[in-house]
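The values are calculated or read from the model by the stated rules, or taken from the named source; none is laboratory data. Just so we're clear, the structure is a prediction, and the values are computed from it rather than from any experiment. Here the Cβ positions follow ideal geometry from the backbone for every residue, glycine too, while neighbour counts run over all protein chains shown. The protein model used for the area step is the full one, side chains on, heavy atoms only, and it has no ligands, DNA or RNA in it. Shrake-Rupley method; radii C 1.70, N 1.55, O 1.52, S 1.80 Å.
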Amino acid sequence: CSAAHTNVALIPYSPLSAGVLTGKYQVTAPKKSKFSQAAMKTPKAKYEGNDPNCRLNLLQGYRERYESSLAPAAVDEYSKLAAKYGVTPTQFALGFVQSRSFVPSTCIGATSVEQLEENLMAFGDDWFTEEMYDDVEDVAARYPDPWRTPQPGGG
């Protein structure tokens, strides 16, 4: 996807992994972002995985697949990185995506005004640093395929 390879642009679909990378399915709520506005009524203040209408519960097998994979541990690590840099997990994930030179645009899927405002705060100035990228690479090396679920007989 880069000029060094095929020079083809990539438009990531679901860069927040169906809401998982927002941190809203964590047991502890993510901290407020340095980009937060006073107008934002409630940052993710509770564990939304208990909501019967959340994606984890609406899509058959989704919760089981998520909880039986390494994804919760990886999301926790990415959320810690977001906190380290003073942004929300949502802003960190979208900031990473928009910082890639081969990504001309990013699809977002906010379902509320508050989510839209938080998403939009991730765009604008190039604030995603090389140090942040290195930290992401470190987590990705420890969790190379976090959604992979254990298979009977291994593999």
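When segment 77-111 is limited to residues that are under 21 Å from Tyr143 (Cβ atoms) and aromatic (Phe, Trp, Tyr), the one that is surrounded by the fewest Cβ atoms within 10 Å (Cβ to Cβ) turns out to be Tyr85.
Yes/no matrix, rows are residues, columns are (1) touching a strand residue (DSSP E or B) at 6+ places or on another chain (Cβ under 6 Å); (2) in a loop (DSSP other than H, G, I, E, B); (3) under 15 Å from Val20 (Cβ atoms):
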| residue | (1), (2), (3) |
| --- | --- |
| Gly86 | no, yes, no |
| Leu94 | no, no, yes |
| Thr111 | no, yes, yes |
| Asp126 | no, yes, no |
| Glu137 | no, no, no |
| Pro144 | no, yes, no |
| Trp147 | no, yes, yes |
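Number of residues in segment 97-110 that are within 12 Å of Phe123 (Cβ to Cβ), hydrophobic (A, V, I, L, M, F, W, C) and touching a helix residue (DSSP H, G or I) at 6+ places or on another chain (Cβ under 7 Å) equals 2.
Among the residues of segment 113-124, what is the count of those that are assigned to a loop (DSSP other than H, G, I, E, B) and open to solvent by 50 Å² or more (accessible area, probe 1.4 Å)? The qualifying residues number 2. Would you be able to say whether some residue in segment 20-28 is modelled with pLDDT of 80 or more and either hydrophobic (A, V, I, L, M, F, W, C) or open to solvent by 60 Å² or more (accessible area, probe 1.4 Å) (or both)? Yes, segment 20-28 contains at least one residue that is modelled with pLDDT of 80 or more and either hydrophobic (A, V, I, L, M, F, W, C) or open to solvent by 60 Å² or more (accessible area, probe 1.4 Å) (or both).
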